[in-house]
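The values are calculated or read from the model by the stated rules, or taken from the named source; none is laboratory data. Here the structure is a predicted model, which means the values were calculated and not measured. No Cβ is skipped: glycine too gets one built from the backbone with ideal geometry, and neighbour counts run over all protein chains shown.
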Amino acid sequence: MASVSVVFSVLFLLSVAVGALQKPSNLVTLGSSLSPVTNPISWVSPSGHFAFGFYPKGSGFAVGIWLVSKPDNYVVWTANRDDPPVSSNAKIEFTRDGKLLLRTKQGQEKLIADKFPAVSASMLDSGNFVLSGNDSNPIWKSFGFPTDTILGGQDMPFGSQLISSKSRQDRSSGEYSLSFQDNGKKLVSCPVNSMFTPNDSINGISMPGDCYWSILTRGSEYFHWLKLSQRGRLYLLSFEERMQIVFNSSYADKNKTIIYRATLDADGVLRLYSHSFGVTGGFSMSIEWSAVQNLCEVTGICGLNSFCSDNNGIKANCSCLPGFVFTDPGIKSLGCYRNLSHEEVCGRKEPAISYNITSLDYVSWGGTAYSVLKTNKEDCSKSCLEDCRCKAALYSSGKGCSRYKLPLMFVRKDQTEYVAFVKLSLPTVERFLIERNKRLLTSVAWLGPISFLCSVVAISSFFAYRGRVLRYKKLPKNSDLGVIGEFTLRSFSVDELEKATDGFKEELGRGHFGAVYKGAISEGNKVVAVKRLEVVEEGATEFQAEMTGIGRTHHRNVVQLFGFCVEGSTKLLVYEYMRNGSLADLLFKAENPPIWKERVRIAVEVARGILYLHEECECQIIHCDIKPQNILMDDSWTAKISDFRLAKVLIPNQNGLITGVRGTRGYVAPEWQKNVLISVKADVFSFGVVLLEIVCCRSNMEVSVSTADEVLLSDWAYRCLVAGRLDKLVGDEEVEMSALERMVKVGLLCIQEDPSLRPSMKDVIPMLEIGTVHVPVPPPPTPSLLVS
């Protein structure tokens with residue numbers, strides 16, 4: 001790769017020199033071509049400041065536009081930025097029939113510009129690459145498709161957005177976006193998949209809770225462009241040509257050429273840069289303006305369970321909260337997970353023996369508290385210590401005590417009024433010492449006055465101990481229930497649950513491993529669903545799988561587990577009651593299926609739930625059985641993922657697992673049949689099938705259809721897509737066609753046979769939700785995958 005870089009640098013200098021000699025004309029004619037390793041590698045603007053062509057990306061090359069500078073070039077635009085790098089055998093061709101194509105080693109062709117035919121192309125001194133038609137008027141401009149940057153003379157119109165790059169070296173789509181919201185009333189920076197509850201305001205501006213910077217337009221005006229002038233003025237512009245200045249640069253002397261660019265950098269901060277080129281060849285770069293001064297204000301910059309401290313606006317320092325360690329010390333933005341030495345044992349009558357509280361001043365975080373108490377600082381710490389659900393608490397004299405479960409998100413350390421309490425489990429040895437010392441102190445205090453009661457205490461202790469031993473012996477010897485101590489769940493007795501369900505009277509449903517009954521527990525007369533595992537041989541394994549899976553989750557799109565019961569061979573799970581049945585009932589059995597907007601909402605909710613399991617949960621979970629029957633609807637028709645009996649929990653840094661086939665026919669990813677590593681992409685495949693079912697309100701395979709082409713839903717959907725007849729999928733229903741096309745494309749991408757070709761759930765959500773993220777046309781699905 002080093003030799004390739006040297007060749008690239010030499011060829012680039014030759015290309016710039018050729019461009020300088022041809023300064024009067026920068027016209028690219030039909031039949032011209034570029035190669036990454038032979039001259040020319042780029043088409044250069046007349047001034048030599050900008051070039052279009054191949055630049056190094058990873059182990060290969062990408063196609064883009066860069067600002068020529070020393071020692072490093074600054075990439076300002078990339079074609080098809082999320083495609084993998086191409087090899088040194090690739091070629092850019094401006095064909096004789098007026099198309100701008102990228103040809104790869106395998107002979108594949110991909111359009112760089114979607115408008116043709118053109119008769120000429122030009123790399124302009126503004127940094128705009130233009131294709132022109134017969135009348136010399138532009139038919140396509142790179143300025144019309146900004147990635148993470150706008151240059152002087154360029155704008156970002158309403159309806160488009162800037163997406164940050166992953167890094168300076170990798171210009172693929174990153175974590176943050178800049179876009180207009182509220183019909184042009186706000187310009188907002190947010191993570192690309194906003195999925196958290198709103199907060200009140202930031203700097204007096206109401207916006208989604210995970211957004212971190214915004215400009216509110218004056219009065220009742222609506223703006224439709226973010227523009228950057230060639231003199232460095234960054235401003236908003238309305239249809240009526242009213243202007244609101246964001247920042248105005250001071251133009252330098254006439255002896256220098258200054259090029260301005262506004263870039264949404266990889267850290268999520270919008271910055272305005274100036275690049276100065278002297279007459280004698282000198283170069284300098286300066287940051288004229290930065291939207292965010294404290295990098296810790298950027299949402300999610302340090303990942304879950306870690307906190308951010310700002311280093312004078314230069315760098316965000318990420319540190320794990322007490323009791324946590326980095327998921328990957330080399331990539332601290334991935335966040336932290338709980339250190340296994342701090343294993344919690346919930347349900348003890350004396351929590352102070354099991355836990356300790358660490359306080360942190362000037363720390364706050366985002367997310368939603370499960371409980372808010374009006375109390376003082378000392379009682380806030382104590383209440384978290386005594387509540388097994390509480391993993392951390394925030395105290396403020398004005399807002400009281402807010403208690404949270406894991407994971408903790410958007411944690412930052414600054415001059416906030418909050419005091420944070422983080423609960424730690426004491427190591428086993430330390431717990432033993434505390435218990436021993438407590439017993440010694442208690443013995444000394446009571447020995448004299450009540451020595452005559454010792455015999456009574458001894459006898460009581462003996463019978464209590466014998467009772468515990470007898471109950472322990474009732475547990476199956478092959479059951480590994482040590483993990484129960486990690487959960488914040490209530491332990492029920494069989495008698496309690498038999499009473500709660502009126503003798504297991506009302507059956508809600510039945511599966512291979514047992515039945516589910518409706519019940520009501522005494523705490524607030526809460527309606528619950530009680531699952532009774534009746535297949536004893538397999539029940540222990542499935543019981544533990546569901547405990548380790550759903551027991552660690554807390555998300556609005558995942559069914560909540562309240563408790564469990566283990567007595568001998570009897571195993572029961574108690575979770576929230578979902579009044580409105582399953583998504584399968586809603587799609588396939590209801591007389592009036594959900595309308596289009598509701599189906600879109602449900603699809604996004606399911607995607608959010610799966611994303612949480614894959615990336616946001618304290619432990620990474622592969623569900624292994626995503627299907628409409630396992631997606632339940634609550635009282636407000638919110639979709640929630642359920643049934644974790646087949647789920648697999650990954651340990652930190654584990655990329656996948658090898659196990660026997662799990663799941664339901666028609667939703668099982670092909671890799672299950674190949675005895676290979678199973679990753680979260682298996683759930684992505686299942687989601688793709690479910691997404692197509694949500695779109696069309698029918699199952700993935702039906703025999704009672706009008707034509708044979710419609711039997712397999714994925715095959716039919718692909719044929720309708722390429723034929724431009726997606727309306728056939730929804731019949732006479734009124735739908736938004738662009739959204740329909742987007743959802744069908746996403747569904748087909750998710751069911752690709754090769755897991756590496758499937759998007760992650762993190763990529764799926766902006767494809768479904770935002771609508772401005774480009775969704776490529778997927779290859780045809782393999783029909784046999786969905787019927788195996």
Across the stretch 250-309, what is the number of residues that are part of a loop (DSSP other than H, G, I, E, B) and closer than 19 Å to H49 by Cα?
9
Where L226 falls short, out of the listed (1) surrounded by fewer than 16 Cβ atoms within 10 Å (Cβ to Cβ); (2) under 29 Å from the mean Cα position of the chain (by Cα); (3) more than 26 Å from A316 (Cα to Cα):
(1)
For the stretch 749-758, name all the residues that are closer than 24 Å to G724 by Cβ and over 20 Å from the mean Cα position of the chain (by Cα).
Q752
T358: passes all of (1) β-branched (V, I, T); (2) at pLDDT 90 or above; (3) more than 30 Å from the chain's Cα centre (by Cα) but (3)
Checked the stretch 761-779 for anything surrounded by fewer than 15 Cβ atoms within 10 Å (Cβ to Cβ) and at pLDDT 80 or above; matches are P776, V777, P779
For the stretch 99-132 the number of residues that are under 14 Å from L27 (Cα atoms) and of a type in the set (G, A, S) is 5
Looking at the structure I just gave you, is R719 assigned to a helix (DSSP H, G or I), surrounded by fewer than 20 Cβ atoms within 10 Å (Cβ to Cβ) and without any contact (Cβ under 8 Å) to a residue 12 or more places away in the chain?
yes
Residues of the stretch 380-427 classified as assigned to a strand (DSSP E or B), hydrophobic (A, V, I, L, M, F, W, C) and more than 17 Å from Y362 (Cα to Cα), total:
1
Search result, residues across the stretch 722-757 that are of a type in the set (G, A, S) and either touching a residue at least 24 places away in the same chain (Cβ under 8 Å) or closer than 22 Å to Y667 by Cα (or both)
S738, A739, G747, S756
Determine whether the stretch 138-158 contains at least one residue that is surrounded by fewer than 21 Cβ atoms within 10 Å (Cβ to Cβ), more than 30 Å from F277 (Cα to Cα) and small (G, A, S).
no
Taking the conditions exactly as written (in contact (Cβ under 8 Å) with a residue 40 or more places away in the chain, within 31 Å of the chain's Cα centre (by Cα) and in a loop (DSSP other than H, G, I, E, B)), does R81 satisfy them or not?
yes
One residue from S364, S341, S381 being surrounded by 15 or more Cβ atoms within 10 Å (Cβ to Cβ) and either at pLDDT below 90 or under 29 Å from the mean Cα position of the chain (by Cα) (or both)
S364
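Okay, residues lined up against (1) crowded, with 19+ Cβ neighbours inside 10 Å; (2) at pLDDT 90 or above:
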site	(1), (2)
R608	yes, yes
L650	no, no
I658	no, no
Q673	no, no
I678	yes, no
F685	yes, yes
V690	yes, yes
E702	no, no
V705	no, no
